[in-house]
């Protein structure tokens, strides 16, 4: 299954979190801010993309890299057996870094770079799992750590806590678009708002999990079936404005 198919067909079911003290240390800069470099990966395994698309995929990747490097440095992850081909297609300006790879989706497999108050670089490892085991990912699971080391960044690991989806929902507003999942909760000052779907054991498990993760906040559960029938949840209907510091 390709990344696009998985993302369009599967609702998110995971919550990434760390200790509040550790999480408070880091902030993720705006993507439009200045970059030290762009990271990419040069690979198109026939097992995933098929033999007919291997060449065109690599041509697209090389085209992106050659364009980006006109504006900022590019570090390209590449398998040892693909190094000569990558050098030929990407050009001398692109820095090649040998690394085992399964696929090229660095936005998913690589770390999320963050900064602390002093400007130190961190690399958050989101425990890539092949989009829930839908694709071979043994090599890609190590990409975030490798990139962190190459970048000289602190390797920040997060805890991944499952929020299981309900087994059943109330039928009044059931539809193909119904968003039956708890991950769309919303954190407000002093509370966490989460949906409940009439599945008492799963609703209770979600409430208990959120209470463990947010011990200083009240957990409020709401019936939002009408909104869920349109494909969204509480988080989708809200937008926080931060308090200036």
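The values are calculated or read from the model by the stated rules, or taken from the named source; none is laboratory data. If you're wondering where the values come from, they're calculated on a predicted model, not measured in any experiment. Here the Cβ positions follow ideal geometry from the backbone for every residue, glycine too, while neighbour counts run over all protein chains shown.
Comparison of 176, 172, 216 shows that the only residue that is part of a loop (DSSP other than H, G, I, E, B) and within 30 Å of residue 120 (Cβ to Cβ) is 216. Are any of the residues in segment 188-203 in a loop (DSSP other than H, G, I, E, B) and either under 29 Å from residue 114 (Cβ atoms) or under 24 Å from the mean Cα position of the chain (by Cα) (or both)? Yes; the residues of segment 188-203 include at least one that is in a loop (DSSP other than H, G, I, E, B) and either under 29 Å from residue 114 (Cβ atoms) or under 24 Å from the mean Cα position of the chain (by Cα) (or both). Quick one: which of 107, 138 is closer than 28 Å to residue 49 by Cβ, loosely packed, with under 14 Cβ neighbours inside 10 Å and in contact (Cβ under 8 Å) with a residue 24 or more places away in the chain? The unique qualifying residue is 138. For the condition closer than 21 Å to residue 28 by Cβ, under 19 Å from the mean Cα position of the chain (by Cα), without any contact (Cβ under 8 Å) to a residue 60 or more places away in the chain and not assigned by TED's automatic domain parsing to the domain that holds residue 233, residue 144 qualifies.
Looking only at segment 204-219, residues that are under 17 Å from residue 180 (Cα atoms) and more than 25 Å from the chain's Cα centre (by Cα) come to 1 in all. Looking only at residues of segment 141-168 that are out of contact with any helix residue (DSSP H, G or I) (no Cβ under 7 Å at 6 or more places or on another chain) and in a loop (DSSP other than H, G, I, E, B), we find that the one that is surrounded by the fewest Cβ atoms within 10 Å (Cβ to Cβ) is 152.
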